[in-house]
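S.K.: After the structure tokens below, expect a handful of questions from me.
The values are calculated or read from the model by the stated rules, or taken from the named source; none is laboratory data. A quick note: this is a predicted structure, and the numbers were derived from the prediction, not measured. Don't worry about glycine lacking a Cβ; one is built from the backbone with ideal geometry, like all the others, and counts go over all protein chains shown.
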Amino acid sequence: MILSVLFWRFPRQPRGSARTTFDSLALAVATAAAFAGMHWGMRNADASYGAMWPQVLATSVAYGLYLTAMTVALLIRMRWLRRRPSPLPGAQS
């Protein structure tokens with residue numbers, strides 16, 4: 001949750017409909033990846049390692065997929081924002 005809020009809020013500008021759409025899509029993809037990873041981990045964990053192992057594997061896979069998706073989105077967004085023309089000094093946005 002903390003990483004999602006930080007991704008959404010920073011950097012504060014530029015903030016337009018394209019950025020809001022991109023951020024929303026990135027968060028949805030990261031959440032879906034974590035959800036799928038959680039279910040995969042629970043289904044594929046070998047319980048012979050202990051009763052707790054399915055939860056440990058599922059949580060680790062989900063967090064890793066979430067971080068991977070958010071890292072890719074962050075890198076894409078940084079590159080995209082760097083290429084955008086900066087507003088003229090004194091211009092109203």
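S.K.: Just the residues that are surrounded by fewer than 13 Cβ atoms within 10 Å (Cβ to Cβ) and within 14 Å of the chain's Cα centre (by Cα), please, taken from region 21-52.
M.R.: Passing the criteria: Thr21, Ser24, Leu25, Ala28.
S.K.: When only residues in region 1-17 that are in a helix (DSSP H, G or I) and either within 17 Å of the chain's Cα centre (by Cα) or modelled with pLDDT of 95 or more (or both) count, which is farthest from Gly64 (Cα to Cα)?
M.R.: Arg9
S.K.: Sticking with this one: Is it the case that some residue within region 26-33 is free of Cβ contacts under 8 Å to residues at least 40 places away in the same chain and either among the polar types (S, T, N, Q) or in contact with a strand residue (DSSP E or B) (Cβ under 7 Å, 6 or more places away or on another chain) (or both)?
M.R.: yes
S.K.: Out of Thr20, Thr31, report the one residue that is modelled with pLDDT of 95 or more, in a helix (DSSP H, G or I) and among the polar types (S, T, N, Q).
M.R.: On the way: Thr20 fails: modelled with pLDDT of 95 or more.
It is Thr31.
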